[in-house]
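Read the structure below first, then the notes.
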Amino acid sequence: MASFWAKEVPATIIIAALLVWIMPMMIGTYTLTVLVIYGMLGFSLGLIWGFGGILCFGQAAFFGLGAYTYAIAAINIGDSTIPMLLAVLVPAAFAALLGAMMFYGRLTDVYLGVITLVVTLILFKFISSTAGPEYVIGKARLGGFNGIPGFQTLNVPGRPNDYIYGDPYFYFCAVLLLIVYLLVSWLLKSSFGRVAVGIRENEVRVALMGYDVSARKTVLFSVGAAVAGLAGALFANWGEIVTPNLFSLGQSAEIIIWCIVGGLGTRIGPIVGAAGLAYLKFLLGQQSMIDNTLLTGIILVLFVLFLPKGLVPAIVSLWRISFGQRRRVPRHGARRLRSRSAGHG
Amino acid sequence: MDLVFVIIVEMLYAVASLVLISAGLAIVFGMMKIINLAHGEFMMMGGYVTITAVTLGANVFVAMLIIAPLVVGLIGLVVERLVIRHLYGRLVDTMLATWGLSLFFIGLATMIFGNTTTGISTPISGFTVGNYQVNGYNFFIILVSIVLLGLMYAVLKGTRLGLIARGAMQLPDMAAALGYSPERIYMATFFCGSALSGLAGAILAPLVGLVPTSGGAYIAKAFITVIAGGPSLIAGLMASSGLFGFISQIFTFAVSPVMGEVALLLAAVVLLRLLPQGVTGKFFRGRL
């Protein structure tokens with residue numbers, strides 16, 4: 001824990017500051033903002049899937065929920081501070097309920113996947129069908145497939161007319177991502193995080209040690225949803241409109257692809273995967289030779305087949321092989337084994 | 001009286017279409033423990049094959065019942081050889097890879113057919129019962145799914161091929177020891193599963209406007225039906241299709257079609273929470 005505060009936190013902050021300083025020279029901040037937001041979204045799934053072993057097919061549900069919560073609350077309240085908080089709390093509470101239902105029922109892999117997928121679909125179908133004027137929450141009309149436009153975007157707390165947009169908004173998002181990253185790193189370094197990784201590796205053993213596996217999984221799931229909800233609120237501010245497409249299966253698929261490509265079980269992998277692939281998609285969107293979806297599909301298939309661990313772990317191990325210090329081979333074991341087999345021979 | 005008749009027909013139709021769209025996935029999942037998330041896209045391709053064949057001058061029924069299953073089955077064969085056979089036994093990885101394949105096929109169909117809605121008219125005309133109009137094509141779908149279930153049962157239970165397939169499904173090592181290569185059995189199974197998906201897509205094509213992304217409408221339903229059905233292939237398919245079809249139609253009539261869909265999905269969540277191994281994990285154990 002000491003080395004975490006002494007080494008890792010300052011190093012992360014310095015690298016992040018450098019990136020925030022250099023990147024706007026290459027890519028416009030408008031695009032960069034959405035890359036940062038997608039990075040946060042990828043990070044949320046990377047947390048629960050990579051460290052908790054919970055494969056959620058519906059991370060988009062929490063993303064969309066965060067965005068809708070923000071939009072509805074912002075229209076009703078007219079100031080952005082409380083809506084931002086609600087956009088974190090509502091998805092977290094929703095995920096806690098859903099997670100409690102699933103994890104106390106001891107559902108695993110495929111069944112978990114089906115339920116999260118189904119919940120996303122329910123939200124998508126329901127929100128898409130709310131076009132009529134009877135679907136109103138406070139002053140906000142849900143608007144069906146057209147979504148909700150024209151809500152109060154992010155402002156300086158207490159001053160609804162001082163909007164934060166453009167370059168400052170990018171810095172705001174980047175700092176939030178950094179804070180979330182550090183908080184999650186701290187969580188993973190704590191005993192909670194270690195037990196979570198233990199559950200991923202062997203659930204039965206951790207349960208037999210006396211830890212409440214279901215409760216811990218529920219909490220982790222809920223934390224992941226809170227991060228996704230925050231990303232959703234930021235996305236709503238960036239796009240200035242929320243539509244049911246935030247809940248779509250395609251969105252969920254993309255989050256999973258980011259994690260796979262970036263690398264599961266690492267913190268930075270899903271962020272890199274999300275930002276990288278989203279930027280690739282942005283570049284590919286400017287040409288019309290090859291369909292975008294087709295390329296996304298090919299990337300996913302190739303990664304599952306040839307690089308199932310993802311980019312970041314592959315680069316790290318390549319780095320270790322080329323430049324890293326060789327770990328000393330444990331000679332004791334080797335010698336004993338050899339002498340024993342010699343004795344038998 | 002007329003209304004009761006119409007409701008019963010609609011109910012049967014809902015169940016039959018669930019059977020139809022889930023059959024291909026059920027075979028692949030039941031036999032090989034692989035979730036093929038590109039299933040919806042196989043159905044979409046079945047629809048496009050039918051439409052293309054009909055515009056080229058083939059008979060509608062020939063196109064639906066013969067050409068589409070064959071073509072989609074062959075595509076499935078290629079997919080199995082290139083991708084899926086490397087991933088046997090890795091459930092989550094196959095799900096991800098087939099999800100990638102589904103995106104790939106959506107992109108491919110968009111490039112070939114364009115992002116526009118195409119369709120053909122239903123080959124069987126409707127008729128009226130009292131004050132209500134009934135779609136004659138619904139009876140065709142009900143008939144096809146009954147024949148399909150009968151055929152699946154007959155093949156699996158009655159023929160030597162079915163016996164080998166069931167053996168390989170239970171104990172692949174033992175089947176291999178007796179001289180039947182599980183790899184070839186899996187290949188054949190995947191062919192059959194894809195062909196059934198193609199058939200389903202072809203038969204449903206006249207009812208819906210076809211777009212490259214229309215597979216997405218089927219995959220979730222098929223996925224839910226198969227998982228909720230549980231380990232027994234045919235009994236599970238019938239049980240969960242019956243249950244979900246019934247529930248969704250009740251809510252469709254009572255409230256609205258959207259609520260019908262939502263009720264179906266909610267029923268699935270509750271069902272999986274109560275019976276995590278699916279319906280046949282608890283009831284009808286050991287049946288086919």
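The values are calculated or read from the model by the stated rules, or taken from the named source; none is laboratory data. Fair warning: this is a prediction, and the values are worked out from it, not measured in the lab. Cβ placement follows ideal geometry from the backbone for every residue including glycine, while neighbour counts extend to all protein chains displayed. For accessibility, only protein heavy atoms count, side chains too; no ligands or nucleic acids. Shrake-Rupley method; radii C 1.70, N 1.55, O 1.52, S 1.80 Å.
Just a few scattered comments:
- Among residues that are without any contact (Cβ under 8 Å) to a residue 40 or more places away in the chain and assigned to a helix (DSSP H, G or I), B:I146 is not included.
- One residue stands out among those in region B:226-259 that are more than 17 Å from the chain's Cα centre (by Cα) and surrounded by 21 or more Cβ atoms within 10 Å (Cβ to Cβ): the one that is nearest to the other protein chains (Cβ to nearest Cβ), which is B:S248.
- Count of residues meeting criterion [in a loop (DSSP other than H, G, I, E, B) and either more than 7 Å from chain B (Cβ to nearest Cβ) or among the acidic types (D, E) (or both)] in region A:75-105: 4
- Test result for B:A168, farther than 17 Å from B:V79 by Cα, in a helix (DSSP H, G or I), in contact with a Pro (Cβ under 8 Å, 6 or more places away or on another chain) and open to solvent by 30 Å² or more (accessible area, probe 1.4 Å): no
- When residues of region A:281-306 are limited to those that are touching a residue at least 12 places away in the same chain (Cβ under 8 Å) and open to solvent by 50 Å² or more (accessible area, probe 1.4 Å), the one nearest to the other protein chains (Cβ to nearest Cβ): A:K281
- For beta carbons closer than 6 Å, sequence separation of 6+ or different chains, a first residue in region B:41-54 that is more than 20 Å from B:V79 (Cβ to Cβ) and at pLDDT below 95 and a second that is open to solvent by less than 10 Å² (accessible area, probe 1.4 Å) and part of a helix (DSSP H, G or I), the qualifying pairs are B:A53/B:A63; B:V54/B:A63.
This table checks each residue for (1) over 21 Å from A:T266 (Cβ atoms); (2) open to solvent by 10 Å² or more (accessible area, probe 1.4 Å).
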residue: A:L47; (1), (2): no, no
residue: A:G50; (1), (2): no, no
residue: A:C56; (1), (2): no, no
residue: A:L65; (1), (2): yes, yes
residue: A:A74; (1), (2): yes, no
residue: A:I77; (1), (2): yes, yes
residue: A:I82; (1), (2): yes, yes
residue: A:L86; (1), (2): yes, yes
residue: A:A93; (1), (2): yes, yes
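- Residue in region B:89-105 that is more than 9 Å from chain A (Cβ to nearest Cβ) and either touching a residue at least 24 places away in the same chain (Cβ under 8 Å) or surrounded by fewer than 22 Cβ atoms within 10 Å (Cβ to Cβ) (or both) present: yes
- Lone unmet requirement of (1) within 23 Å of B:S22 (Cβ to Cβ); (2) within 14 Å of chain A (Cβ to nearest Cβ) for B:V144: (2)
- Any chance A:T266 is at pLDDT 90 or above and of a type in the set (S, T, N, Q): yes
- Where a residue in region A:117-128 is within 17 Å of B:V270 (Cβ to Cβ) and at the interface with another protein chain (Cβ under 7 Å from one of its Cβ atoms) and its partner, wherever it lies, is open to solvent by 30 Å² or more (accessible area, probe 1.4 Å) and modelled with pLDDT of 85 or more, with Cβ under 8 Å and at least six apart: A:I122/B:L266
- So B:F223, is it open to solvent by 10 Å² or more (accessible area, probe 1.4 Å), in a helix (DSSP H, G or I) and hydrophobic (A, V, I, L, M, F, W, C): no
- Complete set of residues in region B:78-100 that are of a type outside the set (V, I, T) and under 17 Å from the mean Cα position of the chain (by Cα): B:M95, B:W99
- Conditions (1) open to solvent by 80 Å² or more (accessible area, probe 1.4 Å); (2) of a type in the set (V, I, T); (3) under 20 Å from the mean Cα position of the chain (by Cα): number failed by B:T128: (3)
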